[in-house]
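Structure first, then comments.
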Amino acid sequence: MLIQTQSKSGKVIIIRKAEKKDAQMMIDYTNMIFSDPASYSTTLTSSGEFNYTREMEEDFIHNMHEVSKNSIMILAFHNDELVSLLGFHGSNYRKARHSGFFGISVHPKMRNEGIGRLMISALLDWARKHPFIERVELSAFSHNENGLHLYRSLGFREEGRKIRAGRLDSGEYVDMILMNQFVK
């Protein structure tokens with residue numbers, strides 16, 4: 001997978017599968033996302049809870065692409081800088097291997113550029129071509145209005161809700177909204 005496209009404002013975006021050589025860049029990017037105040041309330045993982053080493057990340061990338069037959073890690077770059085990361089994790093169980101879930105993040109300085117839409121569209125194209133992926137799933141906190149709007153606009157439907165599944169640092173509880181899309 002190698003896609004060259006443009007953001008809303010015309011920035012050149014390269015979308016491709018993650019490679020082992022990307023491991024340290026992915027770690028640095030992920031730590032930045034988990035530390036970013038604007039991202040913090042919409043991610044399940046908090047700053048300090050992500051402790052991968054380069055070797056662990058390399059193994060993770062290898063397992064996503066070489067061991068699992070229904071998973072993919074997609075990266076987006078602008079001027080050689082990592083600006084978005086999307087991981088799709090297919091089920092390892094025979095009865096559920098037709099489905100999987102994804103998580104996505106977009107660099108704070110690249111938000112509202114359409115990067116999330118480009119990344120999810122690339123995932124959905126990959127899933128449609130995959131020999132046995134039929135169902136793509138995600139979950140998002142109920143207060144993540146921008147994310148929920150994007151997912152709905154791409155054809156995802158709410159299928160359930162986990163009540164008070166997240167607890168923010170303020171003590172406020174938020175629901176986790178479960179969504180899916182059938183690609184076949």
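The values are calculated or read from the model by the stated rules, or taken from the named source; none is laboratory data. Keep in mind that what you see is a predicted model, and the values were worked out from it rather than measured. Note that each Cβ is placed from the backbone with ideal geometry, even for glycine, and that neighbours are counted across all protein chains shown. SASA here: full protein model, heavy atoms, side chains in, ligands and nucleic acids out. Shrake-Rupley method; radii C 1.70, N 1.55, O 1.52, S 1.80 Å.
All but one of (1) under 21 Å from residue 138 (Cα atoms); (2) out of contact with any His (no Cβ under 7 Å at 6 or more places or on another chain); (3) open to solvent by 20 Å² or more (accessible area, probe 1.4 Å); (4) of a type outside the set (Val, Ile, Thr) hold for residue 59; which doesn't?
Residue 59 satisfies all of (1) under 21 Å from residue 138 (Cα atoms); (2) out of contact with any His (no Cβ under 7 Å at 6 or more places or on another chain); (3) open to solvent by 20 Å² or more (accessible area, probe 1.4 Å); (4) of a type outside the set (Val, Ile, Thr) except (1).
What number of residues within region 24-52 satisfy the criterion of being modelled with pLDDT of 90 or more and of a type in the set (Ser, Thr, Tyr)?
2
In region 125-184, which residue that is among the hydroxyl-bearing types (Ser, Thr, Tyr) and touching a strand residue (DSSP E or B) at 6+ places or on another chain (Cβ under 6 Å) is nearest to residue 2 (Cα to Cα)?
Ranking the qualifying residues of region 125-184, first place goes to 151.
Between 49, 113, 58, 81, which is under 30 Å from residue 131 (Cβ atoms) and of a type in the set (D, E, K, R)?
Residue meeting the stated conditions: 58.
List every residue pair whose Cβ atoms sit under 9 Å apart, with the two residues 6 or more apart in sequence or on different chains, where the first one lies in region 77-91 and is modelled with pLDDT of 95 or more and the second, anywhere, is open to solvent by 10 Å² or more (accessible area, probe 1.4 Å) and among the basic types (Lys, Arg).
What qualifies is 77/16; 78/11; 79/11; 83/11; 83/109; 90/69; 90/97.
Check region 43-54 and report whether any residue there is open to solvent by less than 60 Å² (accessible area, probe 1.4 Å) and farther than 30 Å from residue 168 by Cβ.
No; the residues of region 43-54 include none that is open to solvent by less than 60 Å² (accessible area, probe 1.4 Å) and farther than 30 Å from residue 168 by Cβ.
For region 122-144, which positions are in a helix (DSSP H, G or I) and open to solvent by less than 100 Å² (accessible area, probe 1.4 Å)?
Listed by number, the residues that qualify are 122, 123, 124, 125, 126, 127.
Just wondering, is there one or more residues in region 51-69 that are over 18 Å from the mean Cα position of the chain (by Cα) and in a strand (DSSP E or B)?
no
Give me the pairs, please: first residue somewhere in region 1-27 and assigned to a helix (DSSP H, G or I), second residue anywhere and of a type outside the set (Val, Ile, Thr) and open to solvent by 70 Å² or more (accessible area, probe 1.4 Å), beta-carbon distance under 6 Å, and either six or more positions apart or on two chains.
Close Cβ pairs satisfying both conditions: 23/54; 24/54; 27/52.
Checking the conditions here, which among 103, 166, 116, 147 is in a strand (DSSP E or B) and open to solvent by less than 20 Å² (accessible area, probe 1.4 Å)?
166
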